[in-house]
Structures are given as structure tokens and as C-alpha cells.
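I have placed the structure first, in the form of C-alpha cells, so that the comments after it can refer back to it.
Coordinate-derived values only; no laboratory data. Quick caveat, the model's predicted, so the values are computed rather than measured. Using ideal geometry, Cβ is built from the backbone for each residue, glycine included, and neighbour counts are taken over all protein chains shown.
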Amino acid sequence: MTELEEIQFPKPFEKMEAFLTSGGCSTIPYTYKNQIQFLDYKTIRYPGHCVKFKLLLDLDLGSEKPILVNNIKIIPRNVLIKLLLKNLPTNQNDVVLLKVLSSGNKDGKKIDMNFTMIDYYDEKNKITSMMRTTSYPTSIIAQLIGTGYISKTGVFGCEEIVPCKKFFEQLEKRDIKIKKDIK
């Protein structure tokens, strides 16, 4: 929860914040270690989220180490989870925002290529955006393997064997749209 920055999205989101969190890049840093000079992964939230949530973690409410309160052992993380579940709305329609900012050289010229995705709750099928953007890609990859479109066997990062064009076509069929902007 460091390197906090403001990022822009179209209305109604506009100004959002992004900050470092772990795990999102998976195997990409290893696969492209000699090709990509800089790579980071940030979580996107509404303005003010990082400061509020970081305070909870700084107070050690994310700890799994039991503490004694009035002669009762409690695990701070369990208390935090219980309070979040009790106090945060869970019945609202969610939205997943994604932004990829990249720059490099192509044919001797500097180029910026950015991607933006805004995915909404599926009202018709009652499927959250988080469900759509996590399960649909997994399902697409499984189907590409099942049909033989991906034929390699073994352990690979997605970036090594998933054909981008076909993958994005399949996302589009499921109404997950990623807008590309080249400057």
C-alpha cells in the first residue's frame, strides 16, 4: 500500500487512486525480465481508500497473531474481517476497473500504448463484475486447451501460451471490452 498515485478514468469514475499491492503480476516479471525495464502492479480504488485501509493494517488489525483482550484470546484479522463484512455493503452492483500503461519504442519511435477496461455487474444474469473478470478468462483458457487451440503441455505462465488475439476476441464475445489507445 505504497506509491499512491492518482489515475484517470472516464465518467462517472474520473479520479481514482492506485497503489502497490502484491501478487498481481504473477509470472510476467520472470518471463520478460530481459525485455521489460519497469513493471509494477497497483490496485485501483476510490480516492481515500488507501489511507483508510492502511491505517487499519498499521494498527495491526491484519495480524493473525492472537492477542489477549479482557482475558479472551482474539485474532485481530478475524475481528477486522467480521467488522468489514458487517459494515460494508455487499449487495451493491460492483465494477472492475483496469488500466495498463505502457511505453516503449517501435520502429525507432517512442510509443505509448494504454489499455482501459471498465466492466459492470451483469444485471441480466446476476453475475458480479469480479466474477466475470476472474472466471471468464479462466474458462476461456480452459476452452482453448480443451479444443486444442492451446496445445502445449506442462507448466507455463499465461503470457507464454495464451494467444492474445483469440483471448481478447473471446472476452469481447462475453461483453468484456478492453479499449486500446495508442499515442
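When the chain is fully extended, how far beyond the present Cα-Cα distance does TYR46 get from ILE72, taking 0.36 nm per residue of separation? Don't skip to the answer; put the middle values down first.
Details: separation 26, 0.36 × 26 = 9.36 nm, distance 3.61 nm.
Full extension from TYR46 to ILE72 adds 5.8 nm.
Suppose every K and R has +1 on its Cβ and every D and E has -1 on its Cβ; what is the size of the dipole of the range 96-138 about the Cα centre, in Debye to the nearest 20?
Values: 7 positive and 5 negative charges, 21 e Å.
Dipole size: approximately 100 debye.
Using a 7 Å offset from Cα along Cα-Cβ at ILE161, what residues in the range 129-143 end up with backbone N under 13 Å from the label point?
What the label zone holds, given the 13 Å backbone N cut-off, is 141-143.
Step through the table entries LYS11/LYS109; LYS42/LYS110; LYS11/LYS54, compare each Cα-Cα distance with 29 Å, and write down the pairs that go over it.
Check vs 29 Å cut-off fails for LYS11/LYS109.
When the helices in the chain are scored as -39500 (n - 2.57) per DSSP H run of 4 or longer and the sum is shared across all residues, what 222 nm value do you end up with, to the nearest 500 deg cm²/dmol?
Computed ellipticity for the chain at 222 nm equals -9000 deg cm²/dmol.
Taking the simple approach of a point 7 Å from Cα along Cα-to-Cβ for both LYS99 and THR153, what is their distance in nm?
4.4
Where nothing but the Cβ of Lys and Arg (+1) and of Asp and Glu (-1) is charged, how large is the charge dipole of the range 24-90 around its Cα centre, in debye to the nearest 20?
Its charge dipole is roughly 160 debye.
May I ask you to compute the full-extension gain from ASP175 to VAL79, defined as 0.36 nm times their residue separation minus their alpha-carbon distance, rounded to one decimal in nm?
30.8 nm
Over the chain, what is the relative contact order in percent, taking alpha-carbon pairs closer than 8 angstrom and at least six residues apart?
On the way: 208 pairs, mean separation 28.2, N = 183.
Over the chain, the number comes to 15 percent.
Taking 7 Å along the Cα-to-C-beta vector as the label spot, tell me the LYS33-ASP60 distance in nanometres, rounded to one decimal.
Result: 3.6 nm between the two label points.
At a 10 angstrom cut-off on C-beta neighbours, averaged per residue, how do the peptides 33-40, 97-104 rank from highest to lowest?
97-104, 33-40
Could you derive backbone 3J(HN,Hα) for the range 29-36 from the dihedral phi with the Karplus parameters 6.51, -1.76 and 1.60 (θ = phi - 60°), listing whole Hz in sequence and x where the residue is Gly or Pro?
Listing the rounded values in order: x, 7, 5, 10, 4, 9, 10, 9 Hz.
What ranking of CYS164, CYS50, CYS158 emerges when the number of other C-beta atoms within 10 Å of each C-beta is taken as an exposure proxy, fewest first?
CYS164, CYS158, CYS50
For the chain, report the translational diffusion coefficient in µm²/s to the nearest whole number, using Stokes-Einstein at 10 °C, 1.306 mPa s, and a Kirkwood Rh over Cα pairs.
Here the translational diffusion coefficient equals 81 µm²/s.
Checking the cross-link filter: which aspartates and glutamates have an alpha carbon closer than 12 Å to that of LYS179, excluding same-chain neighbours under 8 positions apart?
ASP119
So who's got an amide H within less than 5 Å of the one on SER63, skipping anything under 5 residues away but keeping other chains? H placed 1.01 Å off N, in plane.
Excluding prolines and chain starts, which carry no amide H, the hits are ARG77.
Suppose every Lys and Arg Cβ carries +1 and every Asp and Glu Cβ carries -1, with no other charges. What dipole size does the chain come out with about its Cα centre, to the nearest 20 debye?
Numbers: 28 positive and 21 negative charges, 46 e Å.
Here the size comes out at about 220 debye.
I'd like the FRET efficiency for LEU20 and ASN114, computed as 1/(1 + (r/R0)^6) with the beta carbon distance as r and R0 of 22 Å, rounded to 0.05.
Numbers: r = 19 Å, r/R0 = 0.87.
Once rounded, the FRET efficiency stands at 0.70.
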